[in-house]
Amino acid sequence: MFPRSLTGEQQRDLSEKLTSFLSQYSHLSDSFIIEFFTEDLWHTLPVSWQQVLQDLTYPQIADLLLDAANGEERRYPSVWPLSLLAFRATAHALAFPRECRPSRGRAAGSEKPEEFSENQSQSSLLGHIFRKHVKPKKQHEIRKLGTLVKQLCEQTDCRRVVDVGSGQGHLTRFLSFGLRLSVTAIEADHTLVSMASKFDGELLWALEKDVQKKNFSAPVPVSHFSPHHVAGWVNPKASWEVFIQQLNTAEHVRGDPQTPSGPCKKRLRGSERGVQTSPCGGSGDSESETAPSEDSCCSCVQQDDVSDLVGCPDFVLTGLHACGDLSATLLRHFVNCPHVRGITSVACCYMKITTKENPAPPGLVERPASLASGRESPPSEFGYPMSSWVRGLPGHQLSYKAREGACHAVEDYVRRLREGSELLRTHCYRAMLETLIRDTRPDLRRAGIQTIKKAHLLPFTEYARLGLPRVGLPPGLPLDPDRVEAMLKQQGRVVVYFSLSLLLAPVVETLVLLDRMIYLQENGVDSHLVPLFDPNFSPRNFVLVALKPRG
């Protein structure tokens with residue numbers, strides 16, 4: 001069933017099925033493939049599963065397990081147990097479909113969408129000025145998401161957009177200069193904000209040069225569409241009023257070299273209101289203070305007075321691959337802030353989402369010490385679950401490993417299986433290395449060794465020599481040749497086991513995103529979940545779209 005057709009009752013029913021199914025197979029979603037040998041993961045599978053899976057070829061693993069499109073065309077080399085068939089069928093049935101048009105939009109023999117058929121690095125559907133500094137994947141994303149945001153602006157009669165987690169400003173530039181929307185972009189990394197401002201200036205210079213070359217007098221100067229850039233960290237614990245103030249009180253940086261940048265004259269002291277703001281050097285030649293432009297998101301407000309927020313113009317909120325809790329924070333601001341009329345949310349990094357069981361997952365960006373409250377967050381403030389309904393379901397908990405697995409690119413792994421890629425031995429190598437590490441240091445579990453360049457092209461002895469020092473062990477640890485050879489022969493089993501856990505990845509992602517849809521529904525807002533991007537090209541391809549009801 002396509003997710004856009006789900007009623008509130010169907011959403012709740014599906015969430016019950018998802019939590020029940022995932023809790024039943026949590027031993028798969030929670031397992032670490034690097035522990036394949038140390039935890040003897042293969043023998044945790046039912047014996048009947050082992051017998052039919054151990055001799056599968058890589059293309060068979062792709063076709064019989066991971067590919068949901070084969071249907072009746074599947075040809076099994078042996079009779080599979082009903083429990084395995086039910087596992088595979090249920091996983092595919094419960095996961096949201098990841099493609100809008102499976103048979104269209106791709107050039108023959110290409111991994112990329114058809115828009116890259118003429119040039120593998122340049123989208124034919126995106127203007128050349130918006131392709132500079134932008135990788136093909138991002139070109140595909142900003143064009144499709146930007147067009148969708150424009151549609152939401154038209155439906156809500158909004159010209160203003162707030163782009164959160166804007167990075168180098170690629171989406172921001174397309175929205176502002178390409179689609180002529182008034183955009184405020186906020187990004188926590190000051191270096192990225194400075195780069196965004198620099199790239200704005202380059203694009204603006206190119207546009208003005210083109211206008212001069214054509215001797216064309218535009219009714220509105222192109223500099224009018226320059227976006228605002230705000231350097232600031234969006235505090236997930238702060239209210240929407242503080243978020244609005246942050247957008248207006250942090251220093252705005254323009255890409256226009258002719259436009260001075262500076263703080264608002266009525267600037268708040270952000271640290272006293274839970275907002276981290278700071279000046280950011282832009283590309284401008286002048287740093288004189290100016291009053292906020294008419295394109296600012298709202299009027300300035302006094303430190304202890306939010307009444308002026310009543311006059312704040314409405315806007316559409318967007319976040320392209322907003323990491324971890326940031327996507328959940330944007331949804332809460334959308335629900336609570338009367339000035340946010342619509343939202344497009346593309347999430348990523350589910351493992352960085354906070355949960356009651358895991359309030360500080362690895363990789364989570366710590367809040368500045370000045371903003372830390374020292375209190376435990378109530379359940380409603382965690383990134384998952386957001387909805388009261390899912391929070392009340394038995395077995396709704398998702399481990400860090402399950403959420404990390406949901407970020408994997410299933411389509412990319414299927415392609416590797418069908419090609420018999422040498423990259424498939426990487427998991428086996430790492431699992432073998434884990435046995436060596438624990439032989440010497442039993443207390444050292446799942447130590448990070450970072451990526452070893454071109455590991456799949458190395459013999460295991462060389463891989464071990466490079467990897468052992470990264471965990472503080474001597475590179476010359478003696479290796480038992482017979483043991484190494486025995487583990488290498490199990491590479492096929494490692495791939496099968498990883499594929500079984502990978503089959504659950506879209507199911508976990510479905511539960512996370514469905515929880516957000518139910519959260520919106522609980523707050524009186526209907527939403528759509530659209531697989532907007534090509535999943536072969538952009539694995540986190542779902543966009544959650546919602547509009548506030550009128551009146």
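Read-outs: derived from the displayed coordinates by stated rules, not from any lab. Worth saying up front: this structure is predicted, and the values here are computed from it rather than measured. Cβ placement follows ideal geometry from the backbone for every residue including glycine, while neighbour counts extend to all protein chains displayed.
Can you return the lysines within cross-link range of Lys237? Criterion is Cα-Cα under 20 Å, with same-chain partners fewer than 8 residues away left out.
Of all the lysines, those that pass the test against Lys237 - Cα under 20 Å, at least 8 places apart if same chain - are Lys352, Lys356.
Using alpha carbon coordinates only, what is the Rg to Rh ratio of the stretch 471-551, with Rh defined as the Kirkwood radius? Walk me through the intermediate numbers first.
Working: Rg = 22.6 Å, Rh = 17.2 Å.
In the stretch 471-551, Rg relative to Rh is 1.31.
Tell me, what is the percent relative contact order of the stretch 407-523, built from C-alpha pairs under 8 Å that lie six or more residues apart?
Working: 61 pairs, mean separation 37.2, N = 117.
Reported relative contact order: 32 percent.
Could you calculate the FRET efficiency of Asp40 with Leu477 from 1/(1 + (r/R0)^6), where r is the beta carbon distance between them and R0 is 22 Å, rounded to 0.05? Please report the intermediate quantities before stating the final value.
Numbers: r = 22 Å, r/R0 = 1.00.
The computed FRET efficiency comes out at 0.50.
With the cut-off at 21 Å, tell me which of the pairs Lys112/Lys132; Lys112/Lys138; Lys17/Lys144; Lys135/Lys213 have Cα atoms farther apart than that.
Exceeds cut-off: Lys17/Lys144; Lys135/Lys213.
Using 0.36 nm times the number of residues separating Asn336 and Glu485, minus their current alpha carbon distance, what extension gain do you get? Don't skip to the end; give the middle numbers.
Details: separation 149, 0.36 × 149 = 53.64 nm, distance 5.95 nm.
Between Asn336 and Glu485, full extension yields 47.7 nm more.
Order of Met432, Met195 from fewest to most other C-beta atoms within 10 Å?
Details: Met432 28, Met195 18.
In increasing order of surrounding Cβ atoms, one gets Met195, Met432.
Can you give the net charge of the other residues whose Cβ lies under 14 Å from the Cβ of Arg493, counting K and R as +1 and D and E as -1?
Working: positive: Arg425, Lys489; negative: Glu35, Glu39, Asp40, Asp55.
My count for the surroundings of Arg493 gives -2.
If I model a spin label at Asp13 and Asp189 as a point 7 Å from the Cα along the Cα→Cβ vector, what separation in nanometres do I get?
About 4.4 nm separates the two model spin labels.
Multiplying the sequence separation of Arg550 and Arg445 by 0.36 nm and subtracting their Cα-Cα distance, what value in nm do you get?
Length difference between fully extended and current span is 32.4 nm.
Considering only C-alpha atoms, what is the centroid distance from the stretch 432-505 to the stretch 401-415, in Å?
20
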